[in-house]
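Single-structure report; data block below.
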Amino acid sequence: MSGEQQEKLKAWVAVALPRSTRQIGAWIEKEFGLVYAGRSGLIALLHRLGLEYHKPQVIPRKLNEEKQKAFIAAYENLLNSLSDDEAVLFADAVHPTHAARPANCWAPSQENLAIEQTSGRQRINIHGAVDLETGQTRMIEVETVDAASTIRLLTAIETLYPMLALIHVFLDNARYHHAKIVQEWLTQPGRRIRCTSSRRIAHI
């Protein structure tokens, strides 16, 4: 590539922030009619032009294979022992965000990249549960995920299964899932939900 072409490429990368060398190669072929047969040659060119591929660090998660196997075995045993008037659900909360998120891309090495955050509501809170065997779900949108929303969700689950005598619900180690008022609600007469703590799988 000529010096002029290299400068054009550098300027384009700084604006377009392409996410792959394939995308860059396609642009070079379209603009200059040049084809890079090997990816290594193109990468070497980009580095000579002061361009880098920004990659985030990956934090490995500590997995406990034995705890995974034990939980799966216990879950399968529960499923195999269920009566026709019982069900098993897993409950948790999610917090989808309405926001722009940065992604990996090629860019000038000396440039500090930034994107403008989206306006408006940034996130919603959803407390929900799913039956993995049937795909049946029950979800509620709440202002705050807490003990009160846990009770609302459990009440909604009972309403979803009016004919069942017993509903097993797995809850994670969040403090609001095991709050005193939640425990008091579960002990009320007529409650058909049995909550199982999944604290033991918090490190799985």
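Here are the numbers for this structure:
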{"quantity": "Local electrostatic count, L46, Cβ distance below 12 Å [Lys/Arg +1, Asp/Glu -1]", "calculated": "+2"}
{"quantity": "Candidate aspartates and glutamates for bridging to K30, where Cα separation is under 20 Å - those fewer than 8 sequence places away on the same chain excluded", "calculated": "E4, E7"}
{"quantity": "Accessible area (Å², per residue) of region 118-185, counting only protein heavy atoms and a probe of 1.4 Å", "calculated": "54"}
{"quantity": "Cα-based shape type of region 11-54, given that a ≥ b ≥ c are square roots of the gyration tensor eigenvalues and the cut on a/c is 1.5", "calculated": "oblate"}
{"quantity": "Under the Karplus curve 6.51 cos²θ - 1.76 cosθ + 1.60, θ = phi - 60°, whole-Hz ³J(HN,Hα) for region 27-37, x wherever Gly or Pro sits", "calculated": "5, 4, 5, 5, 7, 10, x, 9, 10, 8, 5"}
{"quantity": "Pairwise centroid distance, computed over Cα atoms, of region 153-195 with region 1-47, Å", "calculated": "58"}
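The values are calculated or read from the model by the stated rules, or taken from the named source; none is laboratory data. Here the structure is a predicted model, which means the values were calculated and not measured. Don't worry about glycine lacking a Cβ; one is built from the backbone with ideal geometry, like all the others, and counts go over all protein chains shown. When the accessible area is computed, the model is the full protein with side chains, heavy atoms only, and any ligands, DNA or RNA have been set aside. Shrake-Rupley method; radii C 1.70, N 1.55, O 1.52, S 1.80 Å.
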